[in-house]
Amino acid sequence: MKPSALLVTMNRYWGVANRLRDAAARAPRTIDVRVETPLSFDDVPRLLRSNVDLLALDGHGWTEGNTAYFGSHNDLQLSPRRVRGEYGEGIAAPIVVFGFCHGGTAPFLNALATVIDRPTTAFLGCTRKGRYDDAARVYPPLLTVLARLGTDPDPAEAQAQIKPLELVFGPAWRTTLVSGYGEGW
């Protein structure tokens with residue numbers, strides 16, 4: 001079985017969507033990469049719960065106080081109530097990427113911790129305003145790491161292999177381990 005990756009952005013973020021598709025097309029053939037570009041923010045929580053080895057959410061993000069949002073103008077609040085499914089299931093991917101502006105800051109890390117359904121997740125996120133071309137620089141080497149790690153990668157090992165890539169990604173990017181089994185467990 002091949003490792004799998006799901007790269008998600010909104011359809012209206014066509015520049016990011018094109019870069020995600022380019023990264024998927026250049027990914028090692030030893031992994032399955034799917035790009036989803038939903039039309040509605042209401043479709044994003046279902047995609048976040050996909051059974052994949054690497055889950056990336058990209059596009060736009062912002063915080064208001066301690067609350068984290070994907071998109072703009074309160075499009076999708078990343079809270080347990082909005083992200084978890086009807087049976088309480090959350091994010092199960094061992095590697096999670098928030099590739100949007102400020103996705104690597106405390107409000108987003110705190111929101112992720114409440115919706116991941118595993119002891120730990122390797123996390124990569126942008127700590128400042130993301131550059132328009134970040135997806136082209138970040139995802140190809142990240143997908144190469146996933147190909148080396150295989151299916152159901154150990155989050156600590158994934159984080160250790162992703163950490164040196166921060167030099168390639170740039171100073172706005174950081175990787176860490178996030179503890180899971182948040183709210184509802």
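Collect the residues in region 59-101 that are open to solvent by 20 Å² or more (accessible area, probe 1.4 Å), of a type outside the set (G, A, S) and either in a helix (DSSP H, G or I) or over 25 Å from N18 (Cα atoms) (or both), keeping them in residue-number order.
T63, E64, N66, T67, P80, R81, R82, R84, E86, Y87, E89
Being within 16 Å of the chain's Cα centre (by Cα), closer than 16 Å to Y132 by Cα and assigned to a helix (DSSP H, G or I) is the filter here; which residues of region 161-179 pass it?
Listed by number, the list holds a single entry, F169.
Write out, first by first residue and then by second, each pair whose Cβ atoms fall under 6 Å of each other, whose residues are 6+ apart or on separate chains, and whose first residue, in region 128-149, is outside any helix (DSSP H, G or I) while the second is not aromatic (F, W, Y).
Hits for this filter: R128/A172; K129/C101; G130/C101.
Kindly establish whether R19 is over 25 Å from R82 (Cβ atoms), of a type in the set (D, E, K, R) and either under 17 Å from the mean Cα position of the chain (by Cα) or open to solvent by 60 Å² or more (accessible area, probe 1.4 Å) (or both).
So R19 passes the test.
Inspect all residues belonging to region 68-91 and state whether any of them is under 12 Å from the mean Cα position of the chain (by Cα) and within 17 Å of T175 (Cβ to Cβ).
yes
Of everything in region 1-16 that's under 16 Å from L54 (Cα atoms) and over 14 Å from the mean Cα position of the chain (by Cα), which residue is most open to solvent (accessible area, probe 1.4 Å)?
Checked region 1-16; the qualifying residue most open to solvent (accessible area, probe 1.4 Å) is M1.
Looking only at region 64-73, which residues are closer than 24 Å to L6 by Cβ and touching a residue at least 24 places away in the same chain (Cβ under 8 Å)?
A68, F70, G71
Could you run through region 90-104 and say how many residues are within 16 Å of G71 (Cβ to Cβ) and not aromatic (F, W, Y)?
Count: 4.
Residues of region 136-155 being closer than 17 Å to G125 by Cβ, at pLDDT 95 or above and open to solvent by 20 Å² or more (accessible area, probe 1.4 Å), which ones?
P141
Which of the residues spanning region 106-127 are open to solvent by 30 Å² or more (accessible area, probe 1.4 Å) and either in a loop (DSSP other than H, G, I, E, B) or of a type outside the set (G, A, S) (or both)?
N110, T114, D117, R118, P119, T120, T127, listed by residue number.
Please find, within region 28-48, the residue that is surrounded by the most Cβ atoms within 10 Å (Cβ to Cβ) out of those that are in a loop (DSSP other than H, G, I, E, B) and of a type in the set (A, V, I, L, M).
Filtering region 28-48 down to residues in a loop (DSSP other than H, G, I, E, B) leaves 28-31, 37-40.
Then keep just the ones that are of a type in the set (A, V, I, L, M); that gives 31, 39.
Working: I31: 21, L39: 9.
Step by step, filter region 28-48, then rank; the result is I31.
The values are calculated or read from the model by the stated rules, or taken from the named source; none is laboratory data. The structure displayed is predicted, hence computed values, not measured ones. Heads up, the Cβs are rebuilt from the backbone with ideal geometry, glycines too, and the neighbour counts pull from every protein chain shown. Keep in mind that these areas ignore ligands, DNA and RNA; they rest on the heavy atoms of the full protein, side chains included. Shrake-Rupley method; radii C 1.70, N 1.55, O 1.52, S 1.80 Å.
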